[in-house]
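Structure, as structure tokens:
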Amino acid sequence: MLTQTLSVTDAIRTRRTVRHYLPDPIAPEILDELLDLVVEAPSAWNMQDRSIVLVRSEQGRRALSEAAFGQPQPLEAPAVLVFVADPNAWRGAQPDIAEQAVANGAWNEQFRAMFESRAEYHSLDQRGLLRENAVKNAMIAATYTMLAAAGLGLASAPMNGWDEAAVKRAVGIDPASDLAIAVLVTVGHGAGLPPHPGRRPRAQTVFAERYPLS
């Protein structure tokens with residue numbers, strides 16, 4: 001395990017969205033550590049209904065840039081992580097998830113039975129929220145990516161503004177698939193650190209007990 005160069009607190013405070021990168025590759029041991037940290041991200045019921053496609057080839061990154069309407073980040077960054085959300089992951093038995101959780105002492109048999117009943121997922125299915133749920137889990141993992149990258153001395157950028165069908169094709173997914181592309185995150189050595197754009201005062205966005213309606 002590598003030593004983080006920043007604490008979690010410092011990573012949160014110093015992370016910036018970096019859109020331009022140096023051509024330097026990411027050292028394999030650092031990339032391995034980053035991916036190990038990313039898959040530690042939590043997900044509802046530990047369903048892990050998100051996958052990460054690591055794209056490093058020039059051809060693959062060019063295809064992602066084209067899918068993102070020519071944005072330069074995938075061309076410049078040595079790695080792009082594509083977060084894929086699977087709304088139907090819950091339909092499988094997933095015995096490995098339950099067995100590991102029980103063996104680790106994280107779940108008791110009652111909780112395992114609740115997991116295997118999939119009651120919450122049946123409810124999400126009835127309300128048409130399966131895709132939203134899977135995308136939420138993928139976005140949590142993407143956030144882990146950006147903070148872990150900062151802690152390892154790397155820069156990153158979450159990418160919006162792309163054609164989902166084109167992104168799917170770039171990573172080998174049938175555009176008609178129910179799989180959803182949650183977000184793209186570029187990672188590499190930043191060509192400079194952008195200034196902080198600022199945030200609104202906490203009093204404008206954090207409220208006690210109830211949301212103000214007026």
Among R112, R62, the single one that is part of a helix (DSSP H, G or I), modelled with pLDDT of 95 or more and either touching a Leu at 6+ places or on another chain (Cβ under 7 Å) or closer than 19 Å to T186 by Cα (or both) is R62
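Could you list, in sequence order, all residues of region 136-160 that are within 20 Å of I181 (Cβ to Cβ) and crowded, with 19+ Cβ neighbours inside 10 Å?
Matches in region 136-160: N137, A138, A141, A142, T145, M146, A149, S156, A157, M159.
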Within region 173-211, of all residues that are surrounded by 10 or more Cβ atoms within 10 Å (Cβ to Cβ), modelled with pLDDT under 95 and of a type outside the set (A, V, I, L, M), the one farthest from G153 (Cα to Cα) is H196
### Query
Would a scan of region 71-78 turn up a residue that is free of Cβ contacts under 8 Å to residues at least 40 places away in the same chain, under 22 Å from D24 (Cβ atoms), aliphatic (A, V, I, L, M) and not in a strand (DSSP E or B)?
yes
Cβ pairs under 6 Å, 6+ apart or interchain, first in region 135-147 and farther than 16 Å from V18 by Cα, second of a type in the set (K, R), ordered by first then second residue, are N137/R50; A138/R50; A141/R50
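What are the residues in region 148-170 that are touching a residue at least 40 places away in the same chain (Cβ under 8 Å), assigned to a loop (DSSP other than H, G, I, E, B) and under 30 Å from L6 (Cβ atoms), if any? First the steps, then the outcome.
First, the residues of region 148-170 that are touching a residue at least 40 places away in the same chain (Cβ under 8 Å): 148-159, 161-163, 166-167, 169-170.
Add one more test, that the residue is assigned to a loop (DSSP other than H, G, I, E, B), and what stays is 152-154, 161-163.
If the condition is that a residue be touching a residue at least 40 places away in the same chain (Cβ under 8 Å), assigned to a loop (DSSP other than H, G, I, E, B) and under 30 Å from L6 (Cβ atoms), then L152, G153, L154, G161, W162 are the ones that fit.
Quick check on this structure: which one of A165, A148, A106 is small (G, A, S) and either modelled with pLDDT under 95 or over 19 Å from the mean Cα position of the chain (by Cα) (or both)?
Values: A165 fails: either modelled with pLDDT under 95 or over 19 Å from the mean Cα position of the chain (by Cα) (or both); A148 fails: either modelled with pLDDT under 95 or over 19 Å from the mean Cα position of the chain (by Cα) (or both).
So the residue among A165, A148, A106 that is small (G, A, S) and either modelled with pLDDT under 95 or over 19 Å from the mean Cα position of the chain (by Cα) (or both) is A106.
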Within region 37-59, the residues that are part of a loop (DSSP other than H, G, I, E, B) and in contact (Cβ under 8 Å) with a residue 40 or more places away in the chain are V39, E40, A41, P42, S43, M47, Q48, D49
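The values are calculated or read from the model by the stated rules, or taken from the named source; none is laboratory data. Since this is a predicted model, take the numbers as computed values, not measurements. Neighbour counts are summed over all protein chains in view; Cβ atoms, including those assigned to glycine, are modelled from backbone coordinates with ideal geometry.
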